[in-house]
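What follows is a set of notes on a single structure, which appears directly below.
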Amino acid sequence: MKFLVEHLKNLRELYVNQLQMVLSAEEQIAIASLDMIEQATDTELRSALVAHKAETERQVQRLEQILTAATGSANKIHCKSVHALIDESQDMFKDARNDAVRDVVLITSAQRIEHFEIAAYGAIRRFAEILEDNAAAELLGQTIAEEGNADKVLSAIAERLNLNASEAA
(Lines give C-alpha, C1' and ligand atoms only; values in the text may rest on other atoms or scores of the structure.)
Protein backbone atom coordinates (compact mmCIF):
# COMPACT_ATOMS: atom_id res chain seq x y z
CA MET A 1 0.00 0.00 0.00
CA LYS A 2 1.33 3.38 -0.98
CA PHE A 3 0.87 6.00 1.75
CA LEU A 4 2.50 9.04 0.18
CA VAL A 5 3.05 10.09 -3.38
CA GLU A 6 6.63 10.07 -4.60
CA HIS A 7 6.82 13.75 -5.50
CA LEU A 8 6.99 14.93 -1.89
CA LYS A 9 10.51 16.38 -1.91
CA ASN A 10 10.45 18.40 1.29
CA LEU A 11 8.46 19.22 4.40
CA ARG A 12 6.57 22.03 2.67
CA GLU A 13 5.25 19.65 0.01
CA LEU A 14 4.30 17.12 2.69
CA TYR A 15 2.59 19.90 4.67
CA VAL A 16 0.47 20.92 1.67
CA ASN A 17 -0.26 17.27 0.84
CA GLN A 18 -1.50 16.61 4.36
CA LEU A 19 -3.60 19.78 4.42
CA GLN A 20 -5.23 18.65 1.17
CA MET A 21 -5.83 15.18 2.59
CA VAL A 22 -7.36 16.44 5.84
CA LEU A 23 -9.60 18.80 3.85
CA SER A 24 -10.97 15.75 2.05
CA ALA A 25 -11.32 13.97 5.38
CA GLU A 26 -13.34 16.82 6.90
CA GLU A 27 -15.61 17.02 3.87
CA GLN A 28 -16.25 13.26 4.03
CA ILE A 29 -16.95 13.54 7.76
CA ALA A 30 -19.42 16.40 7.23
CA ILE A 31 -21.37 14.25 4.77
CA ALA A 32 -21.24 11.12 6.96
CA SER A 33 -22.32 13.09 10.02
CA LEU A 34 -25.70 13.70 8.40
CA ASP A 35 -26.38 9.94 8.48
CA MET A 36 -24.98 9.64 12.00
CA ILE A 37 -27.26 12.41 13.26
CA GLU A 38 -30.26 10.78 11.61
CA GLN A 39 -29.39 7.35 13.03
CA ALA A 40 -28.76 8.47 16.63
CA THR A 41 -31.64 7.63 18.94
CA ASP A 42 -30.23 9.21 22.11
CA THR A 43 -31.05 12.93 22.25
CA GLU A 44 -27.78 13.91 23.97
CA LEU A 45 -25.78 12.00 21.37
CA ARG A 46 -27.76 13.56 18.55
CA SER A 47 -27.17 17.05 19.98
CA ALA A 48 -23.43 16.39 20.29
CA LEU A 49 -23.27 15.16 16.70
CA VAL A 50 -25.18 18.22 15.45
CA ALA A 51 -22.84 20.55 17.35
CA HIS A 52 -19.76 18.82 16.01
CA LYS A 53 -21.10 18.90 12.45
CA ALA A 54 -21.21 22.69 12.73
CA GLU A 55 -17.62 22.65 14.02
CA THR A 56 -16.61 20.42 11.13
CA GLU A 57 -18.02 22.93 8.67
CA ARG A 58 -15.95 25.70 10.32
CA GLN A 59 -12.89 23.43 10.19
CA VAL A 60 -13.38 22.99 6.45
CA GLN A 61 -13.43 26.78 6.09
CA ARG A 62 -10.22 27.09 8.13
CA LEU A 63 -8.49 24.47 6.01
CA GLU A 64 -9.58 26.21 2.83
CA GLN A 65 -8.20 29.47 4.25
CA ILE A 66 -4.86 27.84 5.17
CA LEU A 67 -4.53 26.08 1.81
CA THR A 68 -5.43 29.17 -0.17
CA ALA A 69 -2.82 31.17 1.74
CA ALA A 70 -0.21 28.43 1.22
CA THR A 71 -0.89 27.51 -2.42
CA GLY A 72 -3.39 29.92 -3.93
CA SER A 73 -6.14 27.27 -4.04
CA ALA A 74 -7.99 24.87 -1.78
CA ASN A 75 -7.50 21.65 -3.71
CA LYS A 76 -7.92 18.36 -1.89
CA ILE A 77 -6.56 14.82 -2.10
CA HIS A 78 -8.99 11.99 -1.29
CA CYS A 79 -8.43 10.71 2.26
CA LYS A 80 -8.56 6.93 2.05
CA SER A 81 -8.20 6.51 5.82
CA VAL A 82 -11.37 8.40 6.72
CA HIS A 83 -13.19 6.79 3.82
CA ALA A 84 -12.32 3.38 5.31
CA LEU A 85 -13.31 4.44 8.84
CA ILE A 86 -16.69 5.66 7.59
CA ASP A 87 -17.22 2.49 5.55
CA GLU A 88 -16.38 0.32 8.55
CA SER A 89 -18.74 2.28 10.80
CA GLN A 90 -21.59 1.78 8.32
CA ASP A 91 -20.96 -1.98 8.40
CA MET A 92 -20.99 -2.04 12.22
CA PHE A 93 -24.18 0.00 12.30
CA LYS A 94 -25.91 -2.52 10.02
CA ASP A 95 -24.79 -5.33 12.33
CA ALA A 96 -26.15 -3.70 15.51
CA ARG A 97 -29.41 -5.31 16.59
CA ASN A 98 -30.98 -2.59 18.76
CA ASP A 99 -30.99 1.17 19.32
CA ALA A 100 -28.70 1.09 22.38
CA VAL A 101 -26.01 -0.85 20.54
CA ARG A 102 -26.40 1.32 17.43
CA ASP A 103 -25.86 4.48 19.49
CA VAL A 104 -22.70 2.95 20.96
CA VAL A 105 -21.54 2.05 17.44
CA LEU A 106 -22.03 5.70 16.46
CA ILE A 107 -19.91 6.85 19.40
CA THR A 108 -17.22 4.26 18.72
CA SER A 109 -17.10 5.24 15.07
CA ALA A 110 -17.06 8.96 15.80
CA GLN A 111 -14.26 8.55 18.32
CA ARG A 112 -12.14 6.56 15.88
CA ILE A 113 -12.49 9.42 13.44
CA GLU A 114 -11.77 12.03 16.14
CA HIS A 115 -8.57 10.23 17.11
CA PHE A 116 -7.47 10.09 13.46
CA GLU A 117 -8.12 13.81 13.13
CA ILE A 118 -6.26 14.69 16.34
CA ALA A 119 -3.21 12.76 15.12
CA ALA A 120 -3.34 14.26 11.63
CA TYR A 121 -3.84 17.81 12.84
CA GLY A 122 -1.09 17.42 15.43
CA ALA A 123 1.43 16.47 12.76
CA ILE A 124 0.27 19.19 10.38
CA ARG A 125 0.40 21.84 13.09
CA ARG A 126 3.97 20.83 13.87
CA PHE A 127 4.84 21.12 10.18
CA ALA A 128 3.32 24.63 10.17
CA GLU A 129 5.40 25.59 13.21
CA ILE A 130 8.62 24.33 11.62
CA LEU A 131 7.78 26.14 8.38
CA GLU A 132 7.00 29.27 10.43
CA ASP A 133 3.42 29.44 9.21
CA ASN A 134 2.30 30.78 12.56
CA ALA A 135 -1.19 31.83 11.47
CA ALA A 136 -1.89 28.31 10.19
CA ALA A 137 -0.39 26.75 13.33
CA GLU A 138 -2.77 28.81 15.45
CA LEU A 139 -5.82 27.83 13.37
CA LEU A 140 -4.77 24.17 13.42
CA GLY A 141 -4.34 24.35 17.21
CA GLN A 142 -7.91 25.64 17.48
CA THR A 143 -9.12 22.66 15.46
CA ILE A 144 -7.12 20.22 17.62
CA ALA A 145 -8.79 21.68 20.72
CA GLU A 146 -12.23 21.27 19.13
CA GLU A 147 -11.52 17.66 18.14
CA GLY A 148 -10.26 16.89 21.65
CA ASN A 149 -13.37 18.43 23.17
CA ALA A 150 -15.61 16.42 20.83
CA ASP A 151 -13.83 13.25 21.95
CA LYS A 152 -14.37 14.16 25.64
CA VAL A 153 -18.07 14.86 25.04
CA LEU A 154 -18.48 11.52 23.26
CA SER A 155 -16.65 9.73 26.09
CA ALA A 156 -19.02 11.25 28.66
CA ILE A 157 -22.06 10.18 26.66
CA ALA A 158 -20.56 6.72 26.17
CA GLU A 159 -20.33 6.20 29.93
CA ARG A 160 -24.13 6.15 30.09
CA LEU A 161 -24.88 4.53 26.73
CA ASN A 162 -22.39 1.71 27.16
CA LEU A 163 -24.34 0.63 30.23
CA ASN A 164 -27.58 0.75 28.25
CA ALA A 165 -26.01 -1.39 25.53
CA SER A 166 -24.70 -3.90 28.09
CA GLU A 167 -28.25 -4.42 29.33
CA ALA A 168 -29.69 -4.88 25.82
CA ALA A 169 -31.06 -8.27 24.96
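The values are calculated or read from the model by the stated rules, or taken from the named source; none is laboratory data. Bear in mind the structure is a predicted one, so any value in this text is a computation, not a measurement. Neighbour counts run over all protein chains shown; Cβ positions are idealised from the backbone, glycine included.
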Residue under question is Glu55, and the condition is that it be modelled with pLDDT of 95 or more and of a type outside the set (A, V, I, L, M); does it hold? yes
Within the stretch 64-92, the count of residues that are modelled with pLDDT under 95 and buried (at least 18 other Cβ atoms within 10 Å of the Cβ) comes to 1
Can you find a residue in the stretch 141-159 that is within 21 Å of Asp42 (Cβ to Cβ), polar (S, T, N, Q), at pLDDT 95 or above and surrounded by fewer than 21 Cβ atoms within 10 Å (Cβ to Cβ)? yes
Exactly one of Asp133, Asp99, Asp103 is touching a Leu at 6+ places or on another chain (Cβ under 8 Å) and touching a residue at least 24 places away in the same chain (Cβ under 8 Å), and that one is Asp103
Only unsatisfied item for Glu132, checking (1) over 21 Å from Ala25 (Cβ atoms); (2) in contact with a helix residue (DSSP H, G or I) (Cβ under 7 Å, 6 or more places away or on another chain), is (2)
Of (1) surrounded by fewer than 17 Cβ atoms within 10 Å (Cβ to Cβ); (2) in contact with a Leu (Cβ under 7 Å, 6 or more places away or on another chain); (3) not basic (Lys, Arg), Ala48 satisfies every one except (1)
On the given criteria, is Val22 in a helix (DSSP H, G or I), aliphatic (A, V, I, L, M), surrounded by fewer than 16 Cβ atoms within 10 Å (Cβ to Cβ) and out of contact with any His (no Cβ under 8 Å at 6 or more places or on another chain)? no
Screening Ile118, Ile124, Ile107 for residues that are modelled with pLDDT of 95 or more, closer than 15 Å to Met36 by Cα and not acidic (Asp, Glu) leaves only Ile107
Here the qualifying pairs (Cβ atoms under 8 Å; residues six or more apart or on different chains; first in the stretch 32-53 and without any contact (Cβ under 8 Å) to a residue 12 or more places away in the chain; second part of a loop (DSSP other than H, G, I, E, B)) come out as Arg46/Ala40
